[in-house]
Amino acid sequence: MNHSKNNSGITIAMMRAFVCLSHHLNLSKACNELGTTRQTVRRHITDLETIFGKQLFEVVDRKYLLTSEGDALLDEAKSLLMQLDTWSGQSVLKKNTSGGLEKLQYTDADGNVFHSQQHPVSEIALNGLPIMKRAFVAWGNAETQIEHDAMDEIRPFTVIFRKGPAGWFFVHVGRESAYARWFGWAWSRSAIGKLMTDDNLDDEYNEFSGGAYSRIYDEGGVRLDHIFAHLPKDGGGDPQTGTFQRLLLGGVFPDGTPGLILLAVITEQVKIDALDGADRPRLAENLVMDSLLDHAN
């Protein structure tokens, strides 16, 4: 939290109170989770507001709501707490960075291990799948404009998010997207307007799956990850293993507000150092997206 105000007095307890209350937006629920009193949580929030010189919450009809200033600080506070929990061994999410590129490992309650490994964007030009190359070119030609004609070719394969006070929500799920292929028609047709976190999974999983979103959204940049995950197919049943390449692209809506374009590609062509050959799933041919938009075929 690099801000002009003197923030040397911020404690971990203050940050936990802020993040917990922002999640529940209910003082009693936050107190129950933190195992502390209402007076203590209120004091932590008041102390933070004094340090930053900003109101972080407003109370409307006895319900707490994040202010725009509070929302602007939330992602950074979550990230800092996640790092502290990782360093202390309290988190099921492990993160390390090498050469500016992230590697993530998450273990769910059933012991399933997920992996994500960031790759240089130059990998798209050098060894990229056809659809990844076409998407990168389209994004450049569109000058990041989401509704530009140059995006028409890849739009059916993309998912687009907006960011609101409660988190990321779907505004578009392409009919040919990896989301639609994996989760099924009913899920993809029902997703518009829903929060990405509506699945009620824990904060560590949300950080694993969406932690990179904010940076790309804010900066309008690009990021490439290879992912190994355990996900339910067609809206239910036991999770199945799958491997994906994921391209995040910063975008702009016609009214000038930012958006996030996600292109996920179901493929066996992933480079994940922590993934043994024996652990790599075999994917059904009807799911694999390697040859899409390959104009040479």
Of the listed residues (GLU143, GLU69, GLU49, GLU58), the one being at positive phi, of a type in the set (D, E, K, R) and without any contact (Cβ under 8 Å) to a residue 60 or more places away in the chain is GLU143
Selection from the range 91-109 of residues open to solvent by 50 Å² or more (accessible area, probe 1.4 Å) and of a type outside the set (A, V, I, L, M) yields LYS94, LYS95, ASN96, THR97, SER98, GLY99, GLY100, LYS103, GLN105
Among helices (runs of 4 or more DSSP H) completely within the range 5-105, the ones holding 3 or more residues that are touching a helix residue (DSSP H, G or I) at 6+ places or on another chain (Cβ under 9 Å) and modelled with pLDDT of 90 or more are 12-24, 27-34, 38-52
Taking the criterion of being at pLDDT 85 or above and outside any loop (DSSP other than H, G, I, E, B), would at least one residue in the range 201-215 satisfy it? yes
Residue check, ALA274 against (1) of a type in the set (A, V, I, L, M, F, W, C); (2) open to solvent by less than 50 Å² (accessible area, probe 1.4 Å); (3) more than 16 Å from SER177 (Cβ to Cβ); (4) not in a strand (DSSP E or B), all met but one. Which one? (2)
Among the residues of the range 165-197, what is the count of those that are over 24 Å from ALA72 (Cα atoms), open to solvent by less than 40 Å² (accessible area, probe 1.4 Å) and not in a helix (DSSP H, G or I)? 5
Scan of the range 110-161 for residues that are in a loop (DSSP other than H, G, I, E, B) and open to solvent by less than 60 Å² (accessible area, probe 1.4 Å), ordered by number: GLY111, ASN112, PRO120, VAL121, GLY128, LEU129, ALA142, THR144, ILE146, ILE154, THR158
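The values are calculated or read from the model by the stated rules, or taken from the named source; none is laboratory data. The structure displayed is predicted, hence computed values, not measured ones. Don't worry about glycine lacking a Cβ; one is built from the backbone with ideal geometry, like all the others, and counts go over all protein chains shown. Protein only, heavy atoms only, side chains kept; ligands, DNA and RNA dropped before computing areas. Shrake-Rupley method; radii C 1.70, N 1.55, O 1.52, S 1.80 Å.
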